[in-house]
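Nothing in this text is a laboratory measurement; each read-out follows from the coordinates by a stated rule. For clarity, every value in this text was computed on a predicted model and none was experimentally measured. For neighbour counting, all protein chains shown are included, and Cβ atoms are generated from backbone atoms with ideal geometry for every residue, glycine included.
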Amino acid sequence: MTTTEQHIDEVLTPILEKVSDPEIPVLSIMDMGVVRSAVIKQGIVYVEITPTYSGCPAMDVIGDDIKAALKNAGYESKIELILHPAWTTDWITPKGREALEQYGIAAPLEAEADKDVLLNGKRLVKCPQCGSTNTKLVSQFGSTACKAQFQCDDCQEPFDYFKCLK
């Protein structure tokens, strides 16, 4: 974590690692970095989560999935949505970035490179299918608002690019 530290009880980590991001099911909510803290106090698990962007429609589903996973493990829980500090793509774990690529979504670039790609048409985004950077922006928005649609000029495959959010 570069922007803020997580505080997660080690007993809860394996439970939370099994909760998938509903929009990208190959990623856990832990790999996405949306869980800011999870602690057990007087038998109740208190979990703080941060949305990937303000108004993210997946947060209700994530909260419900966390509650269900913890209930299945024998815990009562309370979920709190934390908006500050704002989530950043820096919080995606290396394992999460690799899972994105294997799933066919290009992982976010650094902020300046992201701007060059999205605003200046630079060819820096690596195609998750063939690895080429001979790619072009098709649309500022992909399957969700946090992604952009790209196409590879080498293999001709379309793919999503997860935008850098800081």
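Summary table below
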{"read-out": "Region 88-114-region 124-166 distance, computed between alpha-carbon centres (Å)", "value": "12"}
{"read-out": "Summed residue charge, Cβ within 11 Å of Ile92's Cβ, Lys/Arg positive, Asp/Glu negative", "value": "-2"}
{"read-out": "Interchain or long-range residues, amide H under 5 Å from Asp21's placed H", "value": "Leu27, Ser28, Ile29"}
{"read-out": "Estimated 222 nm signal from helices in the chain, with DSSP H stretches of n ≥ 4 weighted -39500 (n - 2.57), rounded to 500", "value": "-7000 deg cm²/dmol"}
{"read-out": "Listed residue pairs exceeding 18 Å between alpha carbons, taken from Lys18/Lys67; Lys95/Lys122; Lys126/Lys163; Lys122/Lys163; Lys95/Lys115; Lys78/Lys166", "value": "Lys95/Lys122; Lys95/Lys115; Lys78/Lys166"}
{"read-out": "Cα pair distances in region 7-91, grouped into 10 Å bins until the bin that holds the longest one, percent each", "value": "18, 58, 22, 1"}
{"read-out": "Antiparallel %, DSSP beta bridges [both residues in the chain], to 5", "value": "60"}
{"read-out": "Label-point gap, in nm, between Asp60 and Asn134 - each point 7 angstrom along Cα→Cβ", "value": "4.6"}
{"read-out": "Kirkwood Rh in Å, taken over region 27-166 so that all alpha-carbon pairs contribute", "value": "16.3"}
{"read-out": "Fully extended contour minus Cα-Cα distance, from His84 to Asp154, at 0.36 nm per residue", "value": "21.1 nm"}
